Amino acid sequence: MSRPEIIKNLKIKHPKLSNLHLEMVIDTFIQSIEEALINNKSVELRGFGTFFVRKINENPSGRNPKTGEVIYIPKKNKIRFRASKKFKEFLNK
């Protein structure tokens, strides 16, 4: 689902709110998640799941799978998502 589709669905459920207000709500929500993850905090949405940052250590002896060449893989952070038990049960009905 894309951002405009989310705004359209919110507009259907809350017709009194303007598109501008709905866009501000979506933008604020996303920015709050981004800021928390940048500060290495996890974001838990009850009944949905948790976003968190996983630190990936450097690997000086990684390999390019296409050529087999040894390459250096730097240390980095990755964003991960863990679905809640309730959400998993809902998906697997």
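One table, with the values for the structure above:
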read-out	value
Amide N of region 75-93 lying under 15 Å from the label point, which is placed 7 angstrom from the Cα of ARG46 along Cα→Cβ	84-87
Zone residues, region 23-41, relative to LYS8, backbone N less than 17 Å from point 7 Å out along Cα-to-Cβ	23
Label-point separation in nm, LYS86 to GLU69, each point 7 Å along Cα→Cβ	5.1 nm
Charge tally in the Cβ shell below 13 Å around SER84, where Lys, Arg are +1 and Asp, Glu are -1, SER84 excluded	+3
Net charge, LYS41 excluded, C-beta distance under 12 Å - Lys, Arg +1, Asp, Glu -1	-3
Summed residue charge, Cβ within 12 Å of ILE30's Cβ, Lys/Arg positive, Asp/Glu negative	-3
Tilt relative to the chain, helix 3-13 - C-alpha long axis, 0 to 90 degrees, to 10	30 degrees
Between 0 and 90°, nearest 10: helix 19-38 axis offset from the chain longest Cα axis	30 degrees
Prolate/oblate/rounded label for region 42-93 (Cα gyration tensor, a/c 1.5)	oblate
HN-Hα J in Hz across region 65-80 - Karplus 6.51, -1.76, 1.60, θ = phi - 60°, x for Gly and Pro	x, 6, 10, x, 5, 6, 10, 8, 10, x, 5, 7, 10, 10, 8, 10
Anchor LYS8: lysines whose Cα lies under 17 Å away (excluding residues fewer than 8 positions away in-chain)	LYS16
In region 4-68, chymotrypsin sites (Phe, Trp or Tyr not before Pro) in a DSSP loop with at most 15 other beta-carbon atoms within 10 Å	PHE48
Residue pairs, from the table LYS55/LYS86; LYS55/LYS78; LYS41/LYS76; LYS11/LYS88; LYS55/LYS75, whose Cα atoms sit over 18 Å apart	LYS55/LYS86; LYS11/LYS88
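Here, each number is a calculation from the coordinates, and none is a lab measurement. Every value quoted in this text rests on a predicted model; they were computed, and no experiment measured them. Here the Cβ is made from the backbone with ideal geometry for all residues, glycine too, and neighbour counts use every protein chain on show.
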